[in-house]
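Participant: This is the structure, below, for whatever I ask next.
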Amino acid sequence: MPGTLIAVLVLLIIGIVALILNTNLFKMIMALTIIESAVLLFAVSGAYIKGAGAPLADINENMVNPLPQALTLTAIVIGAATTAIALSLVIKIYKHTKSVSSEDLTRLKG
Amino acid sequence: MSKTRIALLSIIVLVVIIFSFMLNVKDFAYYGNHNETSLYYVTEGVNDTGAVNIVTAILFDYRGFDTLGEAIVLFCVASAISMLFASRTAPKKSAELSILARAASLLYSPCIIIFGVYIIIHGHLSPGGGFQGGVILASVVLIHLVVFGESTVVRHLDYKKLAVIESFSLLLFIGIGLIPVLTGNAFLTNLPSLFPRGIPGELFSAGNIGLLNIATGSKVAASVAVILLNMIKRVEEDEI
Amino acid sequence: MELINLVLLILLIISGIGAMTFKNIIHSILALSAFSIALTVIFALHRAPDVAVAEASVGAGLTTGLFIIAISNTIGAKSDE
């Protein structure tokens, strides 16, 4: 349905523009989360078939496409793991430079 | 190029790509229709595996190797975060919430634990599975970190023992996958002779999907708990 | 279903914009949590209950908790950057 595709496009634009223009590291990580959720919404909305039910075999006879849903499950967990590592790196950066702005990360040698 | 120009250029490129996709979405035959692969999974999934939940049957039987890869990714993330925070210690004193919050959390924590175990075990019958139940079990640790304060929780839950549980669960997953290799089949095969199928819809059915769910659930719960217990550590006051 | 889907997509976009433009960092995290809850209901409407349970537990529970732990460890909860 075109409504979901337009929403995915708007979310991708919001995420990418916010990732480029922000300097706060926490906002950058939130933009990564928004981009990843938009892509997964596109995958699950492509699996929907009109008039079909959820992929549970004892309730429905014709089901939606179950393959993108299995892929999305793995992607959600890996996205959360990436967020955890990124936040740990931000905590370590704060200990060394005492700020979370990307303009203060100018030293090449630790 | 300044940042604003890069942002505007990326917006234009993205809009062009996605509009050209949307105009041709009728030709993209698998968007909103079935594949041959997914038609096979939908019609033959219950007969092949005995699991009623087709998504769990895909994740743990047809594509079990990808689930093993994801479990290894979570293991690597937990190890990396443990290494990053190795030089810090947990805070000695921390605030806790009021008596109302503490008493209420002692009342509803067993309910959440039972719910998480239910979702793990019934993964092949109703929506759920190993990952969802594991994260629900780890959210109990998060609730206790907020309500009781970090110093109380760290006194009772050491992250090293949870790391042992996590490693044993991953070894259990690999061990269940190695059993068919001893009889000459491939890794992680769901053999009807070794793992009985049963009737679809019962609790004891679907071959080794139930055992793999339990192994994955405990592994994900332990991994997320290790990540949480490491990230609360602070720097000592007399370090640089 | 079309009407509920449209309302939820508008809520998704508004909370996405809010998460990126609020000044106080705690307000941004709350907007991200609302984003995740709206995404959970959209997944449930598209006949994907497994994905909905996963997104509810991971997005609204785990990611928000990780962000709050990270912020209380670095710049503190009362900052306005």
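The values are calculated or read from the model by the stated rules, or taken from the named source; none is laboratory data. Because the structure is predicted, anything quoted here is derived from the model rather than measured. We place every Cβ from the backbone using ideal geometry, glycine too, and count neighbours over all the protein chains shown.
Participant: Can you report the number of residues in segment B:88-120 which are assigned to a loop (DSSP other than H, G, I, E, B) and either modelled with pLDDT of 95 or more or surrounded by 12 or more Cβ atoms within 10 Å (Cβ to Cβ) (or both)?
Facilitator: Qualifying residue count, segment B:88-120: 6.
Participant: Being in contact (Cβ under 8 Å) with a residue 24 or more places away in the chain, within 14 Å of chain B (Cβ to nearest Cβ) and buried (at least 21 other Cβ atoms within 10 Å of the Cβ) is the filter here; which residues of segment A:30-41 pass it?
Facilitator: A:A38, A:L41
Participant: Can you find, within segment B:173-185, the residue that is surrounded by the fewest Cβ atoms within 10 Å (Cβ to Cβ) among those that are under 17 Å from B:S218 (Cα atoms) and not β-branched (V, I, T)?
Facilitator: Within segment B:173-185, the match that is surrounded by the fewest Cβ atoms within 10 Å (Cβ to Cβ) is B:G175.
Participant: Just one of (1) surrounded by fewer than 22 Cβ atoms within 10 Å (Cβ to Cβ); (2) part of a loop (DSSP other than H, G, I, E, B); (3) of a type outside the set (S, T, N, Q) trips up B:A206, so point out which.
Facilitator: Here B:A206 meets the rest and fails (1).
Participant: Checking B:L125 against (1) touching a Leu at 6+ places or on another chain (Cβ under 8 Å); (2) part of a loop (DSSP other than H, G, I, E, B); (3) free of Cβ contacts under 8 Å to residues at least 40 places away in the same chain, which single condition isn't satisfied?
Facilitator: Looking at each condition in turn, B:L125 falls short on (3).
Participant: Would you please list the contacts, defined by Cβ atoms under 7 Å and residues six or more apart or on different chains, that run from a residue in segment B:31-57 that is at the interface with chain A (Cβ under 7 Å from one of its Cβ atoms) to a residue that is among the acidic types (D, E)?
Facilitator: Taking only residues 6 or more apart or on different chains, the pairs are B:V52/A:D58; B:V55/C:D50.
Participant: Pick out the one residue from A:T23, A:T4 that is touching a strand residue (DSSP E or B) at 6+ places or on another chain (Cβ under 6 Å), within 10 Å of chain C (Cβ to nearest Cβ) and among the β-branched types (V, I, T).
Facilitator: Exactly one residue qualifies, and that residue is A:T23.
Participant: Which of the helices (runs of 4 or more DSSP H) found entirely inside chain C contain at least 3 residues meeting this: under 27 Å from B:S223 (Cα atoms) and more than 14 Å from chain B (Cβ to nearest Cβ)?
Facilitator: C:25-45
Participant: Against the conditions (1) buried (at least 18 other Cβ atoms within 10 Å of the Cβ); (2) under 22 Å from C:F35 (Cβ atoms); (3) hydrophobic (A, V, I, L, M, F, W, C), where does A:L56 fall short? Just the number, please.
Facilitator: With respect to (1) buried (at least 18 other Cβ atoms within 10 Å of the Cβ); (2) under 22 Å from C:F35 (Cβ atoms); (3) hydrophobic (A, V, I, L, M, F, W, C), A:L56 is out only on (2).
Participant: For the subset of segment A:94-105 comprising residues that are within 9 Å of chain C (Cβ to nearest Cβ) and touching a residue at least 40 places away in the same chain (Cβ under 8 Å), which member is nearest to B:K233 (Cα to Cα)?
Facilitator: By that ranking, first place goes to A:V100.
Participant: Take B:L188 and tell me if it is surrounded by 14 or more Cβ atoms within 10 Å (Cβ to Cβ), assigned to a loop (DSSP other than H, G, I, E, B) and without any contact (Cβ under 8 Å) to a residue 40 or more places away in the chain.
Facilitator: The answer is no for B:L188.
Participant: Name the pairs whose Cβ atoms lie under 6 Å apart, with the first residue in segment B:204-221 and on the phi > 0 side of the Ramachandran plot, the second buried (at least 24 other Cβ atoms within 10 Å of the Cβ), and 6 or more positions between them or separate chains?
Facilitator: Note: pairs meeting the criteria are B:A206/B:T49; B:A206/B:G50; B:A206/B:A51; B:A206/B:H124.
Participant: Among the numbered criteria (1) modelled with pLDDT under 90; (2) surrounded by fewer than 20 Cβ atoms within 10 Å (Cβ to Cβ), which single criterion is violated by C:T21?
Facilitator: Result: C:T21 passes all but (1).
Participant: Any residue at all in segment B:135-150 that is crowded, with 19+ Cβ neighbours inside 10 Å, at pLDDT below 90 and out of contact with any Gly (no Cβ under 8 Å at 6 or more places or on another chain)?
Facilitator: Yes, there is a match, as at least one residue in segment B:135-150 is crowded, with 19+ Cβ neighbours inside 10 Å, at pLDDT below 90 and out of contact with any Gly (no Cβ under 8 Å at 6 or more places or on another chain).
Participant: Test each condition in (1) closer than 14 Å to A:V44 by Cβ; (2) under 14 Å from the mean Cα position of the chain (by Cα); (3) not hydroxyl-bearing (S, T, Y) for C:A34 and report the one that comes out false.
Facilitator: (1)
Participant: Just checking, how many residues over segment A:81-93 are more than 7 Å from chain C (Cβ to nearest Cβ) and buried (at least 19 other Cβ atoms within 10 Å of the Cβ)?
Facilitator: Total satisfying the criteria: 2.
Participant: While we're here: Against the condition more than 14 Å from every other protein chain (Cβ to nearest Cβ), surrounded by fewer than 23 Cβ atoms within 10 Å (Cβ to Cβ) and touching a Phe, Trp or Tyr at 6+ places or on another chain (Cβ under 7 Å), how does B:L170 come out, does it pass?
Facilitator: In short, yes.
Participant: A follow-up question, please. I want to confirm something. Restricting to segment A:53-80 and keeping residues that are more than 7 Å from every other protein chain (Cβ to nearest Cβ) and in contact with a strand residue (DSSP E or B) (Cβ under 9 Å, 6 or more places away or on another chain), which single residue is farthest from A:K95 (Cα to Cα)?
Facilitator: Once the filter is applied, the top-ranked residue is A:E61.
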